[in-house]
1. I'd like the residue in the range 376-390 that is away from the ligand (no atom under 14 Å from the Cβ) and of a type in the set (Asp, Glu) and, out of all such residues, is least open to solvent (accessible area, probe 1.4 Å).
2. Starting from the range 424-440, keep only residues that are closer than 16 Å to ASP122 by Cα and part of a loop (DSSP other than H, G, I, E, B), then list their pairs with residues that are at pLDDT 95 or above and open to solvent by 10 Å² or more (accessible area, probe 1.4 Å) whose Cβ atoms are within a distance under 6 Å, requiring at least 6 positions of separation or different chains.
3. Is it the case that LYS323 is under 15 Å from ARG214 (Cβ atoms), touching a residue at least 40 places away in the same chain (Cβ under 8 Å), away from the ligand (no atom under 11 Å from the Cβ) and open to solvent by less than 70 Å² (accessible area, probe 1.4 Å)?
4. Criterion first (among the small types (Gly, Ala, Ser) and over 24 Å from the mean Cα position of the chain (by Cα)) does ALA183 satisfy it?
5. Say whether the condition of being under 22 Å from ALA15 (Cα atoms), open to solvent by 40 Å² or more (accessible area, probe 1.4 Å) and of a type outside the set (Val, Ile, Thr) is met by at least one residue in the range 435-454.
6. From the list TYR377, TYR329, which one is touching a residue at least 24 places away in the same chain (Cβ under 8 Å) and out of contact with any strand residue (DSSP E or B) (no Cβ under 7 Å at 6 or more places or on another chain)?
7. With at pLDDT 95 or above and either in contact with a His (Cβ under 8 Å, 6 or more places away or on another chain) or closer than 22 Å to ASN154 by Cα (or both) as the only criterion, which of GLN478, GLN451, GLN437 stands out?
Amino acid sequence: MTNQQQPKSNADFDAIVIGAGFSGMYTLHSLRDKLGLNVTLFEAGNGVGGTWYWNRYPGARCDSDSYIYCYTFDKNLLQEWNWSERYPEQDEILRYLEHCAERFELKPDIQFGKRVVAITFDDETTLWTVRTDKGDTVTSRYVIAAVGSLSTANVPPFKGLGSFKGKWYHTSQWPHEGVDFTAKRVGVIGTGATAVQAIPEIAQQAKHLTVFQRTPNFCVPARNGKVDPEISKARKADYNGVRERIKNSFFGFELNFIPKSVLQTTPEEREKEFDRMWDDGGFGFWLANYQDMFFSKEANDVIADYLKRKIRATVNDPVVAEKLVPKTYPYGTKRQPLDTNYFETFNKKNVLLVDASTDGPIEEITPNGIRAGGKEYPLDIIVIATGFDALTGPLKNLGIKGRGGKALTDEWKDGPLTYLGLLAAGFPNLFMITGPQSPSVLSNMPVSIEQHVEWITECIRYMREHKLTTIEATPQAQEQWVAHVAEIAGATLMPQANSWYMGANISGKSRQFLPYLCPEGVGGYRKKCAEIAERGYEGFMFDGVSRTETTESRAAE
Ligand code: NAP
């Protein structure tokens, strides 16, 4: 169908995309070049890249293997791009995304340096009005929030932060010119995946590094290295196979659980498997371990014990080692950081660990440093690696008002309400990509991003072919979906950790598991979304009428 045949609309654009990261860039390409829509994209930064535009802290690199941390929708692109390392650094991923922006001629339709501050639905015209901080006010039929899952920085309200005489930086808002740590006394707050990458790098340069740890983390070696050209060639020859395998996998990787309970193995047998996964490095230890790891605390303890032994064997000072051993949550229930010399860094003479539970928590930031447990640690630079208001934060920040002027922030005050994590009741034509209650951050992101973009594209195609104006979730389907997401998470050990998956890192945020852990993995979720579409978008309403009602009334006619 061509543009001329579409339902008439006086909107400035057919679709507005928000965010120029992996998801927004592909959405722009897909809606514009596959459907012929008139699309614009607003991006707060001055370049493409999203996460990879903003997160420029030392050591920033991808934790997924590069050959699958990329777009797979274009066969030629897969063949022409060569990754240098198993886990590319931030600047290499950014170069890749810039290459994609050029290759698909995206930049003419991207408005850089414009942050969306309000999105309002008009009940009369059924259009969205989108406003930016630069004064734009434009209307659109569809809005696609491609704002990322981890893009709203969490800067905790540390008492005295404003009084600090040195410099402080949040890792996700890193200066483009970099930070020179030479001869500086540096403090890092946090020990999540970001800090685990940054700490070894900063320790190499700084005169002294103090790490302020609230909760220790289980880490597994990344085992980064140059990509073997022969392996790269073989993967390129088999990209169709790679693509099918990751699409239909559990987490979007070429990884599968060991189909056995760890409790049914002998100590020798499981030690051999653990050693294999440890030596391989990467997410295998976390996402392809024994199948009961996420369900049975007893099984989890056996696996966690291996990682605890590794920490004790690596860190020379037994007192420091004990501080670094996680004891308060099951393994894997927080996002697995991959490390390169993280625990080894605590053997360096210029590195000090200040642990909240044994040395005392951070009390305040003073003009000269950080006071924790009654002691002041003098610092020149503070690196705040305290993460993000994950999944819901970026959407809540958009100032969304749906049908009847209802604010998304009010509707979601007790937690997100979506159907499939794609659309919400009362917010017609507002699509979310890898938002809450979809597999999102529990998967290799590009795999889930491509699935959402392709589903949304086909949904809009369907609407235009059937002359349907709006789509939204029915309240019933949404209620069932929210309950389903919670029920599945409740059957695992995930709720036992104070993780950002649970919203526990943000004070006042409702505690619930935010992503969707599909029992059949991302492959199963993909199938579920496709089947719902095939059944005429069951659980959705078009133009305010539910699909069941539409089918019934059509049958009556
Ligand atoms: P994070 O995992 O949320 O870690 C934040 C750290 O700061 C935690 O150690 C946390 O302690 C601590 N913290 C938070 N608030 C604090 C406070 N008020 N006082 C003291 N400590 C505080 O954040 P992140 O490390 O930036 O990582 C977020 C996510 O980004 C990752 O899990 C991952 O999904 C993604 N990421 C990906 C990559 C990659 O793929 N290469 C790299 C980095 C990050 P608690 O544990 O006690 O909350």
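1. Quick first cut of the range 376-390, residues away from the ligand (no atom under 14 Å from the Cβ) only: 376, 378-381.
When the remaining residues are screened for being of a type in the set (Asp, Glu), the result is 376, 380.
Working: GLU376: 71, ASP380: 45 Å².
Only one residue tops the list, namely ASP380.
2. These pairs meet every condition: ALA425/PRO475; ALA425/GLN478; GLY426/ARG403; GLY426/LYS406.
3. So LYS323 fits the description; yes.
4. Values: among the small types (Gly, Ala, Ser): yes; over 24 Å from the mean Cα position of the chain (by Cα): yes.
In short, yes.
5. Yes, there is a match, as at least one residue in the range 435-454 is under 22 Å from ALA15 (Cα atoms), open to solvent by 40 Å² or more (accessible area, probe 1.4 Å) and of a type outside the set (Val, Ile, Thr).
6. Values: TYR377 fails: out of contact with any strand residue (DSSP E or B) (no Cβ under 7 Å at 6 or more places or on another chain).
Going through TYR377, TYR329 in turn, the sole match is TYR329.
7. Values: GLN478 fails: either in contact with a His (Cβ under 8 Å, 6 or more places away or on another chain) or closer than 22 Å to ASN154 by Cα (or both); GLN451 fails: either in contact with a His (Cβ under 8 Å, 6 or more places away or on another chain) or closer than 22 Å to ASN154 by Cα (or both).
It is GLN437.
Conditions (1) among the aromatic types (Phe, Trp, Tyr); (2) under 23 Å from SER438 (Cα atoms), marked per residue:
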site	(1), (2)
ASN240	no, no
PHE257	yes, yes
LYS272	no, no
ASP292	no, yes
PHE295	yes, yes
ASN300	no, no
ALA304	no, no
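The values are calculated or read from the model by the stated rules, or taken from the named source; none is laboratory data. All of these numbers come straight from a predicted model, not from anything done at the bench. No Cβ is skipped: glycine too gets one built from the backbone with ideal geometry, and neighbour counts run over all protein chains shown. Just so you know, the surface numbers come from the protein's heavy atoms only, side chains and all, with ligands and any DNA or RNA stripped out. Shrake-Rupley method; radii C 1.70, N 1.55, O 1.52, S 1.80 Å.
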